[in-house]
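Trainee: Submitted below is the structure of interest, expressed as C-alpha cells.
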Amino acid sequence: MLKFIMATAVSVGLAMPAVAQETKIQVGLIFSLSGSGAVLGQEMKRGTDLAFELLDGKLGGIQAEFIYEDDQQKPELGIQAANKLVRSDRVDFVVGPSYSNVMMAIHGPVTRSKTFLLSPNPAPAPLAGAECDPFYFATPFQNDQTSEAIGQYVNDQGFKSVYILGPNYQAGRDFLAGFKRYFEGEIVGEVYTPLDQTDFSAELTKVRASNPDAVFVAYPGGLGIQFVKQYEQAGLKDQLPLFTAFTVNGSVLPAMGEAALGVKSASHWAVNLDNPGNKRFVEAFEAKYGSVPSEFAAQAYDVIMLIDSAVAATGGNLDDPDAVRAAIKAANFESVRGEFTFNNNHHPIQDYYLLNVSKDDQGRLVQLSEGVIIEDFVDNYAKDCKM
Amino acid sequence: MPAVLVEQLLNGFQLGILLFLIAAGLTLIFGVMQFINLAHGSLFMFGAYFSVAFQQLTGTFWLALLLTLGASFLLGLVFELALARRLYDRNHLEQILVTFGVILFANDLVVLIWGFEPQFSGIPDLLNGHVALFGDVGYPAYRIGIIVAGLAVAGALYLFVAHTRIGMLIRAGATNREMVALMGVNIKLIYAVVFGLGAVLAGFAGTLAGPIVSVQAGMGERILILAFVVIVIGGLGSVKGAFLGAMIVGGIDTLGRAFLRDVMDLVMPVAAASQAGPAIASMLTYLIMAVILFFRPQGLLPVKTR
C-alpha cells in the first residue's frame with residue numbers, strides 16, 4: 001500500500017513539470033517553399049503568417065510557435081520534415097503540405113504518431129474515403145469537388161457537348177473524372193497532355209475542328225498560363241466558353257493577363273464573399289502584402305483560425321486527443337467561407353460558387369463569385385469512410 | 001480536313017522554328033568549342049525574363065526585343081569569359097556537371113530577382129490578331145510572326161556563317177581548331193563571338209516564346225531536352241542539320257499529337273486510344289531520334305571533320 005502511494009506520488013511529481021512546461025502551442029508547417037511548386041507554398045505561408053500576426057502569435061490565447069519546413073514538392077523531403085516535426089520537435093499540430101503527392105507520403109507518419117494533420121490544400125480521394133483517419137482533417141475541400149461543381153454548372157447551363165483536356169498525371173485524371181461524374185452531356189474529346197508540354201497549338205486546332213459547345217480544362221500552374229494564353233491567341237475564347245478547375249487562381253492571373261478575362265471556374269471561396277471572416281482576411285491581406293489574396297492563402301489562414309478555435313475550446317489542454325478532435329470537428333470559428341461544417345470523413349460540407357475573371361476598380365485581375373452552383377456540397381467519397 | 005492539316009503543319013513549323021533558334025546556338029557552341037552547354041536553356045529563360053523586364057521599362061515589345069538581344073549577348077560573353085573558357089579543355093562529363101550547376105544557380109537567381117510567380121509577357125499590338133487562311137479559319141498572327149522572324153534569322157545565320165570572314169573562321173574552327181589557332185587567328189575571340197551569338201539566338205527564342213509559354217524558373221529545361229534531340233538528329237556542330245532536325249522534331253511532335261489518337265481510334269477502343277495516343281505521341285520524337293542514330297549515328301547533315 002505504501003509502495004503504491006509512493007509510486008503514485010512519484011508519478012504525479014514527474015508529471016507536474018511536464019504540464020508546467022506546456023506553455024507553448026507548437027505548430028509544424030510543411031510547405032513547398034522552394035523549387036517548382038514554391039508559388040503555392042509561399043502564398044500559403046503568407047496566409048499563415050497573416051493569421052499568426054492577427055492572433056498576436058497566440059492560439060486559443062496561449063503563446064504559439066510556428067515551425068516551417070520546406071518539402072520542395074518532394075515526397076521524400078516531406079517525410080523527413082514530418083518525422084522531424086512529430087518525433088523530435090513533438091509539435092501539437094501539423095499543417096501541410098502544399099501538394100497531394102507529398103500528402104500521400106506524410107499522411108501515414110503523421111497520423112500514426114497520433115498528431116493531428118490538417119491539410120491547407122491537398123485533399124486526395126483515398127484519404128477522404130476508405131483511408132480516412134481520425135487524426136486527419138482536410139480543411140479546404142476534397143480534390144474532386146471543384147471539377148464536379150463546374151461539371152454541374154456546365155450541365156445546368158444547357159451545354160450539350162464539351163471537349164475536355166488535362167495533364168497526364170493522377171491529379172489530372174481525377175479532375176477530368178470529377179467533371180465527367182456530374183456533366184451529363186457528350187464528351188466530344190478527352191485529351192491528356194504530357195506535363196512538360198508547352199505548346200498546345202495542335203490540341204487547340206483539334207478542339208476547333210471538333211466544334212463542341214464548350215471546353216473544360218484542368219491545368220495547374222504554368223500549364224494553365226500557357227493554355228489560357230494560347231486559347232485566347234487562337235481566337236477560341238470568343239467563340240467557345242472556357243470552363244476550368246484549378247487553372248485560374250490568384251498566383252497565375254498576373255501572368256495570364258487579359259487572356260484570362262471571362263474564364264470561368266468553380267471554387268469554395270472567392271475574394272468577394274460577403275462574410276465577416278472573409279472581409280477581415282482580405283482587408284488585412286491587402287494591407288500587409290499589397291496584393292489580392294489567392295485561395296491558397298485563404299485556406300492556409302483558415303486552418304490557423306480553426307486551430308485557434310480548437311485550442312480555445314479545449315482551454316489549452318491538448319492532452320486528450322478525443323477532446324481536441326471534437327473541438328476541431330466543431331469548427332466553431334469565423335471561416336473565410338462563412339458557415340463551415342465538417343462531414344464524417346473530416347472533409348468540409350460547403351457551398352460552391354461560380355467564379356469569373358474580371359477587373360476590380362484598381363484595374364487588377366480578380367476572380368469574383370457570381371453565385372452559388374451547389375449548396376452544402378458533400379464529396380463523393382464520404383460514404384466510403386467508416387468514421 | 002485539309003484546312004486542319006495545313007493548320008497543324010503550320011503549328012509544327014512554328015514549333016520547329018523556335019527549336020531551331022535554340023538548337024542553332026547549342027550546336028554552334030558544341031561544334032566550335034566541343035563544349036556541351038546544358039545551361040543553354042537558362043540563356044533562353046533569361047531572354048524571356050529580360051524581355052519581360054524591358055517591356056515593363058519601355059512599354060513597347062520591339063524596343064524590349066532589341067534591348068534583350070543586347071543583354072543576351074552580354075550575358076553570353078560574361079558566361080564565356082567567367083566560366084566556359086576554363087572548361088574547353090576538360091572532358092564532357094565535367095562540362096555537363098558545371099553547366100548543370102549553372103542551371104540550378106540561374107533558376108534560383110531568377111527567383112531572387114523576379115520572385116516565384118510566373119511573369120507576364122505580352123504580344124505586341126501589331127501581331128495581336130489573326131491571319132485568314134482558307135477563308136474563315138484564322139491563324140494567330142503572332143505565330144506567323146514567329147515563323148517569319150525565325151526564317152529571317154535562319155537566313156541571316158546562313159549568310160553569316162557561309163559568306164563572311166568571321167563565319168569562315170567559325171566553320172574552320174569547327175573543323176580543326178588547332179590549325180586555326182596555329183594560323184595566327186585569335187581563336188579566343190572567335191570562341192567569345194560564337195558563345196555570344198548562341199546566347200543571342202537563345203535570348204531571341206526566349207523573347208519570342210515569352211507570350212506563348214509560362215515565364216517562370218525552369219522554363220528552359222523542358223525545351224533544352226528537345227533542343228538536344230534536334231542537334232543529335234541533325235548532327236553536332238551543323239547549323240543546317242539543326243534546321244532539318246528542328247523541322248523534323250517540330251513536325252513529328254505536332255502531327256503526332258494532332259493525329260495519332262485519331263489513327264489509333266480506328267484500330268482500338270476509344271478509351272485505350274485516349275491513353276495510348278498521347279503517350280506514344282510524346283515518345284515519338286525520342287523513337288525517331290533512336291532510329292536515326294541507329295542508322296546514321298553522325299546525324300543527318302553532319303559537319304565534315306578531318
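Trainee: Does segment A:171-188 hold any residues that are within 13 Å of chain B (Cβ to nearest Cβ) and surrounded by fewer than 19 Cβ atoms within 10 Å (Cβ to Cβ), and which are they?
Mentor: A:173, A:177, A:180, A:186, A:187, A:188, listed by residue number.
Trainee: Something else about it: Residue A:225 versus (1) in a helix (DSSP H, G or I); (2) surrounded by fewer than 20 Cβ atoms within 10 Å (Cβ to Cβ); (3) within 13 Å of another protein chain (Cβ to nearest Cβ): which is the lone unmet condition?
Mentor: Answer for residue A:225: the failing condition is (2).
Trainee: Also: Could you list all residues from segment A:228-242 that are assigned to a loop (DSSP other than H, G, I, E, B), over 17 Å from residue A:210 (Cβ atoms) and within 10 Å of chain B (Cβ to nearest Cβ)?
Mentor: none
Trainee: For residues that are over 23 Å from residue B:111 (Cα atoms), β-branched (Val, Ile, Thr) and assigned to a helix (DSSP H, G or I), scanning just segment B:176-224, find the one that is nearest to the chain's Cα centre (by Cα).
Mentor: B:194
Trainee: I'm trying to understand the selection: among the residues of segment B:6-28, which are under 10 Å from residue B:201 (Cβ atoms) and hydrophobic (A, V, I, L, M, F, W, C)?
Mentor: B:20, B:21, B:22, B:23, B:24, B:26, B:28
Trainee: Which of the following residues is in a helix (DSSP H, G or I), closer than 30 Å to residue A:42 by Cβ and within 14 Å of chain A (Cβ to nearest Cβ): B:102, B:110, B:98?
Mentor: Result of the check over B:102, B:110, B:98: B:110.
Trainee: Now for a different question. Looking at the structure I just gave you, is residue A:255 touching a helix residue (DSSP H, G or I) at 6+ places or on another chain (Cβ under 8 Å) and within 24 Å of residue B:120 (Cα to Cα)?
Mentor: Yes.
Trainee: Then there is this: How many residues are more than 30 Å from residue B:174 (Cα to Cα) and modelled with pLDDT under 90 when one looks only at segment B:12-55?
Mentor: 0
Trainee: Next question, about the same structure. (1) closer than 21 Å to residue B:80 by Cα; (2) modelled with pLDDT of 90 or more: which one isn't true of residue B:169, the others all being true?
Mentor: Condition not satisfied by residue B:169: (2).
Trainee: Related question: Across segment B:228-254, what is the number of residues that are small (Gly, Ala, Ser), in a helix (DSSP H, G or I) and either more than 14 Å from chain A (Cβ to nearest Cβ) or farther than 17 Å from residue B:147 by Cα (or both)?
Mentor: Count: 4.
Trainee: Of the conditions (1) facing another protein chain (nearest Cβ under 10 Å); (2) among the hydrophobic types (A, V, I, L, M, F, W, C); (3) farther than 20 Å from residue B:14 by Cα; (4) buried (at least 19 other Cβ atoms within 10 Å of the Cβ), residue A:195 satisfies every one except a single condition; which number is it?
Mentor: (4)
Trainee: Please work out if residue A:44 is at pLDDT 90 or above and either within 19 Å of residue A:320 (Cα to Cα) or hydrophobic (A, V, I, L, M, F, W, C) (or both).
Mentor: The answer is yes for residue A:44.
Trainee: Looking at segment A:309-342, which of its residues are in contact with a Lys or Arg (Cβ under 8 Å, 6 or more places away or on another chain) and in a helix (DSSP H, G or I)?
Mentor: Across segment A:309-342, the qualifying residue is only A:321.
Trainee: Of everything in segment A:346-363, what is at pLDDT 90 or above and either surrounded by fewer than 18 Cβ atoms within 10 Å (Cβ to Cβ) or over 16 Å from the mean Cα position of the chain (by Cα) (or both)? Give them in sequence order.
Mentor: Hits for segment A:346-363 are A:349, A:354, A:355, A:356, A:357, A:358, A:359.
This table checks each residue for (1) of a type in the set (Val, Ile, Thr); (2) at pLDDT below 90; (3) out of contact with any Gly (no Cβ under 8 Å at 6 or more places or on another chain).
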| residue | (1), (2), (3) |
| --- | --- |
| A:169 | no, yes, yes |
| A:173 | no, yes, no |
| A:187 | yes, no, yes |
| A:193 | yes, yes, no |
| A:201 | no, yes, yes |
| A:207 | yes, no, no |
| A:210 | no, no, no |
| A:214 | no, no, yes |
| A:217 | yes, no, no |
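The values are calculated or read from the model by the stated rules, or taken from the named source; none is laboratory data. Just so it is clear, the model here is predicted, and its values are computed rather than measured. A quick note on method: Cβ atoms are made from the backbone with ideal geometry, for glycine too, and the neighbour counts reach across all protein chains shown.
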